[in-house]
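Data first, discussion second: the structure below is written as structure tokens.
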Amino acid sequence: MTSEDTSRLMQFSPILRCMNVLFIQVNGSLNGVRQVFRQQLGGVQCFMDYVLCRIDPLLSLQRDYAQVVSIGEETRQAKTFILRPSFLWKGFLAGQHIQLETEINGVRYRRFYSISSAPTLFAERGLISITVKKIPGGRISNHLHKTLRVGDILAIGKAVGRFICDQLDSEQLYTKSCREESVPIAENSKEVLFIAAGSGVTPFKSMLETLYSEKPERKVTLILYANRADELIFNIWLSQLSEQWSNFRLITHCGEQISLDSLRSDCPDMAQRAVYLCGPVGFMDKTIRFARELDVPSDTIRQENFGNVSRPSALVDAAGINLMLVEAEVLFTKTGKKIKSPGGKTLLELAEQSGLHPKYGCRRGICHECTCQREGGDIFNTLTGALVPKEQNRIQACISVPVGDLVVSDW
Amino acid sequence: MDMKTRPLGLLSPNELNAFGSELDQLREQVLADLGQRDADYIRDIVQQQKMCEIVGRTLIHFSLNPLLFAGGIAALSCAKILENMEVGHNVMHGQYDWMNDPTLESQSYEWDTVCDAESWRKTHNFEHHTYTNILGKDRDYGYAVLRLTDDVPWKPYHFVQFINYILLSALFEWGVGLHELEFEKLKQGKVSLKEKIPFLKRFLRKSGRQLSKDYLLFPLLAGPMAPKVLLGNGIANLVRNLWTSTIIFCGHFTAGAETFSEEECENETRGMWYYRQLLGSSNFTGNKWLHIMSGHLSYQIEHHMFPDIPAHRYPEISEQVKVICQKYEIPYNTDRFGKQYLTVLARVARYSLPPADSRWRMAGEKIRSFAGRKIFRFLPEYRPPVIE
């Protein structure tokens, strides 16, 4: 199916939207019949969705997809992809991010990317954009840069995240479900300070665009760090904005590390501002330390991590260690339970020790009954005698020994 | 008593360990190689299965002559067989979990049969695959209905087990669906009905949905032609039942497939487990489509050694398994499909008769001599291994 066909189909999206509403209505009211539909692959609903997805994934009634509308180059390392989400996608708040799914060699990888466009663009034209910076050795970012073309269709997720600008209150743009997630921490009247490093600037572009159109009277400062001047993402757009908008101050630092002095001179009234931080983990840790020294109350700082959230444990890299005997700590996010292990205990044993009763079967790696979802952390496979590959998220608990910190999401 | 031509003790512990690690190596080799080819394969099969189902259901609905109607039934039967065997069974083993694809995820997959997927994962993936052919632990050995070895005490109702076998085959999805009920243990009072209530609830929910899909929703959609659709769907389900049970019976009940006792398998090593899977399973040969329609259970040996490796890899793996078996002088049970199936029928017939020490011996002898001449002449004679 070519992109013209698809855009032609998308003209019918109001009809499809109505169909979808009708479908959900009918589905919701006929409780008994719904059960027949609801089965997974055996069910009629999934069958229909499969057929719809074969015609065009954008027609899917169960998953969100987006089509690449155009691709622009920001810097040599960063590209902006403008996407048109399918009609089921609900919208977002400035600062939120979405999950992007891409397939490499048969394996589906999922990564989060901040939306860099303003919610108005989605409201008016149904478009969003994400900006992806190539990370050296990064599998997904490089793959997206290399293979993604205009017209391609990607599976995406709903907009999520609490990194939202509270100085905005344009309720009409946001769906209720988005709003519920946000917890106000800063007073609405405060002046705003954004601090970003590298591609951490992406959510701020969305916020800045929205602030400029809705609250131009508010004072906003953006401090931006980059390795080199030609790596500054949105450089032209930002300098244009600072010319047009007198209340906006842009400060860029190229090739410098963040320091207490520069922070003090860039924004002397930091303690009175609502502070938003976005950048790599190391950068954020440092900035928060400095902010504390400048007496910034910690509840006015909001931060968004990106890159590798789970820090690779140094122990794993060191050779010659018996990985079975490394100390570990496991967090089961569904129940909120946490347990420490001196090493050598399997994930299943640890779950049982902490009072959980997960399903299990053979306890020797045959039956997959104890399969669970890991979110981050390293795992030693007792059958293969090696670490489980990073991208493999479904793991067999009975033959997995956690190495270092581990997060399991479905127990 | 005629068990164990090659008892588990035939290989020394060292040999068993070496045997096991060679198979582990083979497993690692294949796992490291999984990629686009496997993803393309399973998606292609899923697509063909859906096409089959669309064609089948359309023809059953709208066909105006018996030939097209029969074609529709054939297509729907194929779709159900493909979904159950090559997609459902294999996906639920976790063969495609590495793809991170939510529609091919072992623990959430639900399939097109009355058997609840959760129950299947427990009774099949865990019980059957862990305790394969261990009498008393693997309830799939004879499904608590058939007597397939003299190690199971003979009862008079075993005289009619050939009829039971045919019934079990025709109603196979119901047998599989109710497997977790453990009817024989309920009867003996080993488990109480109360423990089985959660299972029964799940079973009723799933079978209710399944029945309402095939025997209510689709017939109603056909309006006045409802009885035709009802009949078509019923026949397709029956064909699927007969085919799947036949394939599955050829996996463990052929002449050469062995059984084990619980004591033999205590403190089992990985090598011993592989060895037991090998001795307890049997393959059959055939063309590409026979393998696909059997969900590659025609490579039952490889399936039991590597249940979570994508099944379409078994043909390549089998060549290497055969080499390893030759090296350790272990028999590798394979033959033509028809031949293997005849030995299954022979086994069902053979053990329907009482053993020599039974007081029903004379009746058994009479039937044997009569049947040997008349009914079972087409069966190869079942020669139990001689015990010294």
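Considering only beta bridges that DSSP places wholly inside the protein assembly as shown, some 60 percent are antiparallel. Only one residue of A:Phe112, A:Ala229, B:Ile247 has its Cα farthest out toward the positive end of the dipole of the protein assembly as shown, where Lys and Arg carry +1 and Asp and Glu -1 on Cβ, and that residue is B:Ile247. Structure note, pairs A:Lys215/A:Lys286; B:Lys122/B:Lys185; B:Lys339/B:Lys366; A:Lys79/A:Lys219; B:Lys155/B:Lys366; B:Lys80/B:Lys213: Cα-Cα distances above 19 angstrom occur for A:Lys215/A:Lys286; B:Lys339/B:Lys366; A:Lys79/A:Lys219. The three principal axes of the Cα atoms in segment A:314-408 give end-to-end lengths of 35, 28, 23 Å, sorted in falling order. Diffusion coefficient of chain B by Stokes-Einstein, Kirkwood radius over Cα pairs, 4 °C, 1.567 mPa s: 58 µm²/s. The dipole here belongs to chain B: it is taken about the Cα centre, uses +1 on the Cβ of Lys and Arg and -1 on the Cβ of Asp and Glu, and is about 1900 debye. The spread of Cα positions in the protein assembly as shown, taken along each principal axis and listed from longest to shortest, comes to 108, 70, 47 Å.
Given q = 0.09, 0.10, 0.11 Å⁻¹, what are the Debye log10 I(q)/I(0) values for segment A:185-305, with equal point scatterers placed on the Cα positions and solvent ignored? With one equal scatterer per Cα and no solvent, log10 I(q)/I(0) is -0.21, -0.26, -0.32.
The separation of segment A:350-387 from segment B:191-222, counted between C-alpha centres, amounts to 31 Å. With 27 Å as the limit, write out which pairs from B:Lys137/B:Lys187; A:Lys345/B:Lys327; A:Lys134/A:Lys334 have Cα-Cα distances beyond it, or answer none. The pairs that break the limit, which is 27 Å between Cα atoms, are A:Lys345/B:Lys327; A:Lys134/A:Lys334. Summing Lys and Arg as +1 and Asp and Glu as -1 over all other residues whose Cβ lies under 15 Å from the Cβ of A:Leu347 gives a net charge of +1.
For segment A:207-268, the set of GluC sites (Glu not before Pro) satisfying both a DSSP loop assignment and a count of at most 12 other C-beta atoms within 10 Å is given as A:Glu217, A:Glu256.
Read-outs throughout are calculated quantities, based only on the coordinates presented, and are distinct from any laboratory measurement. This structure is a prediction, so every number in the text was calculated from the model and none was measured. So basically every Cβ, Gly included, is an ideal-geometry build from the backbone, and we count neighbours across all protein chains shown.
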